[in-house]
1. Given the criterion away from the ligand (no atom under 12 Å from the Cβ), part of a loop (DSSP other than H, G, I, E, B) and out of contact with any Gly (no Cβ under 8 Å at 6 or more places or on another chain), identify the matching residue among 246, 220.
2. Name the pairs whose Cβ atoms lie under 9 Å apart, with the first residue in the stretch 219-248 and acidic (Asp, Glu), the second surrounded by fewer than 18 Cβ atoms within 10 Å (Cβ to Cβ), and 6 or more positions between them or separate chains?
3. I need a count of the residues in the stretch 249-260 that are touching a residue at least 60 places away in the same chain (Cβ under 8 Å) and either outside the structural domain of residue 388 (by TED's automatic domain parsing) or crowded, with 22+ Cβ neighbours inside 10 Å (or both).
4. Can you name the condition, by its number, that residue 202 falls short on among (1) assigned by TED's automatic domain parsing to the domain that holds residue 359; (2) outside any helix (DSSP H, G or I)?
5. When residue 234 is evaluated against the numbered criteria (1) in contact with a Leu (Cβ under 8 Å, 6 or more places away or on another chain); (2) among the basic types (Lys, Arg); (3) within 16 Å of the ligand (Cβ to nearest atom), which criterion, by number, is the only one it fails?
6. Can you tell me which residues in the stretch 368-396 are among the β-branched types (Val, Ile, Thr), under 20 Å from residue 210 (Cβ atoms) and part of a helix (DSSP H, G or I)?
7. Conditions first: (1) aromatic (Phe, Trp, Tyr); (2) out of contact with any Pro (no Cβ under 9 Å at 6 or more places or on another chain); (3) at positive phi. Residue 136 passes all but one, so which condition is the exception?
8. Can you tell me which residues in the stretch 316-370 are among the small types (Gly, Ala, Ser) and under 16 Å from residue 391 (Cβ atoms)?
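The values are calculated or read from the model by the stated rules, or taken from the named source; none is laboratory data. Here the structure is a predicted model, which is why all the values come from computation and not from measurement. Please note: Cβ atoms are built from the backbone with ideal geometry, for glycine as well, and neighbour counts cover all protein chains shown.
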Amino acid sequence: MIHSFIIFIRRYVNRLIHIPMPTLINGSGELRQSAEILKDANSRNTFIVTDKTLVGVGVVKKLTDFLEKAQLPYVIFDEVTPDPTIAVIEQGVHLYQQNNCDSMIVIGGGSVMDCGKAIAASVVKNKNIQTLSGLFKVRKKLPPFIAIPTTAGTGSEATLVAVVTDPSKKQKFTVIDPCLVPHYAILDPLLMVGLPAKITAETGIDALTHAVESYIGLHGTAQTQSYSLAAIQRIFTYLPQAYQQGDNLTARAEMSLASYYAGVAFTRTSIGYVHAIAHQLGGYYHIPHGLANAVLLPHVLHFSFDNAFQQYAKIAYHLGIVEQHENEIVAAKAFVQAVISLNTTLNIQKTFPELKKQDISLLAKRAMKEAYCEYPVPKQMTTAECEQILLKLLKE
Ligand SMILES: [Fe+2]
């Protein structure tokens with residue numbers, strides 16, 4: 001009862017909060033615009049946040065070539081690791097301040113985006129990132145901030161959240177503030193052609209999970225639902241193509257947009273149990289976020305079926321996988337089956353070899369704690385029900 005009341009109140013409070021949209025720059029070769037933006041912002045020294053892999057494969061050089069041509073000084077911070085920790089963020093803050101940087105470009109996947117946002121928040125507040133954990137603790141404009149995703153999944157280029165890992169607790173925490181929405185999002189499919197198929201698949205299902213959890217959650221609006229549907233439609237059409245033909249620029253461009261649209265949607269509505277459980281698997285075993293979501297999604301869809309089937313059916317009608325006159329239950333089942341089939345096409349595993357039976361009780365407890373009163377899920381899950389789902393994911 002208390003839970004329903006809090007979710008009800010939050011739904012209305014949520015709509016009062018203004019969440020900005022980044023300026024979207026979209027298309028092959030549009031990476032070059034980063035130099036124009038920095039020039040217009042009179043940037044004296046840009047802080048580039050990325051990782052060593054992207055430096056190694058030459059993706060970062062494509063960016064720095066444009067900056068050098070425009071005679072824009074920069075500093076590269078490439079220490080970002082998957083699930084960035086407090087220590088990595090502090091290292092970045094130190095380098096930013098040491099070099100008197102005044103603008104930021106984050107170029108990479110979700111971890112790079114999270115790390116960049118956390119560094120920028122820490123810099124403007126002059127505080128440790130732990131003290132900014134939670135809601136609305138930043139409340140200060142970031143330096144000119146350009147997000148350039150190199151995967152299509154996280155949608156972080158459109159969101160107000162940064163996820164940080166605290167290794168001492170084997171847990172993640174979030175910094176949430178509208179100020180964390182990047183000022184610019186550059187979606188350039190040329191940066192994604194070299195992305196391995198497995199990462200393409202997992203990150204793509206992460207975007208699907210954002211769109212679906214946003215769509216079936218109780219905080220959806222007409223605006224967020226249309227962004228979710230636009231994302232879901234693109235993912236079902238283009239993710240198999242991007243997975244099978246990595247150099248298919250149309251598929252890469254459409255997946256970039258899908259991920260962005262899903263980000264726009266879920267940052268206004270929140271997520272659900274797939275993410276609540278996936279975050280625990282990521283924090284505890286370092287299971288990649290997209291993979292955890294992909295494995296969990298069909299199970300959570302089954303669990304929520306009774307309360308969310310009408311929403312599933314609307315997605316099925318929109319995707320055209322059933323006729324408009326088809327019965328809602330049949331349509332809803334067709335959607336769940338379509339998700340399972342997509343996982344099969346993408347060769348997504350069905351269990352987690354890392355998962356240990358003795359950890360399940362703690363993981364379930366933590367997942368339910370994360371979601372409680374935070375995620376506007378269509379159907380409440382008990383810790384025991386969460387344990388049942390996790391038990392199915394044990395490798396036999
Ligand atoms: Fe996610």
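1. Every option except 220 fails the conditions.
2. Listed pairs, sorted by first residue: 247/193; 247/194.
3. Selection size over the stretch 249-260: 7.
4. So the condition that residue 202 fails would be (2).
5. Exception for residue 234: condition (3).
6. Of all residues in the stretch 368-396, those among the β-branched types (Val, Ile, Thr) come to 377, 382-383, 389.
Then drop every residue that is not under 20 Å from residue 210 (Cβ atoms), which leaves 377, 389.
Correct list: 389 only.
7. (2)
8. Going residue by residue through the stretch 316-370, those that are among the small types (Gly, Ala, Ser) are 316, 320, 331-332, 334, 338, 341, 361, 364, 367.
The answer is 361, 364, 367.
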